[in-house]
Amino acid sequence: MTQKDCLFCKIAQGAFNTEFIIETEDYVSFKDISPQAPVHALVIPKIHFDSLNRMQEPELMGKLLEGARQTAQKLGIEDNYRLVINTGEKAGQTVFHIHIHVLGGRAMQWPPG
Ligand code: 5GP
Ligand code: ZN
């Protein structure tokens, strides 16, 4: 369920006393350590999946998406925000525990880089 040596498994278990924006039995959200926008949070499930491709659990995926929406609301960016799921190294994934980025607080460019 959790993977030894996975940073985000440890964060979800509270190993670093990370301040959670939202915590449920299924997921947590917290601020990104290296924000790419004035508001930048991550939503992660408590159980480990390497990426979206490894997560064939639509019900949990729906809960994460709802968690992202509620996180945006709690952080006051509910009118304008972007959700990102980087999947694979070339797409920018650096932490291999699935996470949804919640970004806002500035105008966003399209297409993304
Ligand atoms: P990825 O590049 O995999 O889509 O996103 C990983 C994100 O995790 C990056 O935005 C990075 O800044 C963030 N991150 C990496 N290590 C930590 C950490 O220890 N704490 C927090 N809060 N965020 C982290
Ligand atoms: Zn993990």
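Over the chain, the alpha carbon radius of gyration divided by the compact-protein estimate 2.2 N^0.38 Å works out to 1.01.
Annotation: lysines with alpha-carbon distance below 19 angstrom to Lys31 (same-chain offsets under eight excluded): Lys10, Lys46, Lys63, Lys74.
For the stretch 1-54, the list of GluC sites (Glu not before Pro) that fall in a loop by DSSP and count at most 12 other C-beta atoms within 10 angstrom reads Glu19, Glu25. For Lys90, a cut-off of 19 angstrom between C-alpha atoms picks up these aspartates and glutamates, skipping any fewer than 8 places away in its own chain: Asp50.
No lab work stands behind these numbers, since they all come straight from the coordinates. All of these numbers come straight from a predicted model, not from anything done at the bench. In this analysis, Cβ positions are derived from the backbone assuming ideal geometry, glycine residues included, and neighbour counts consider all displayed protein chains.
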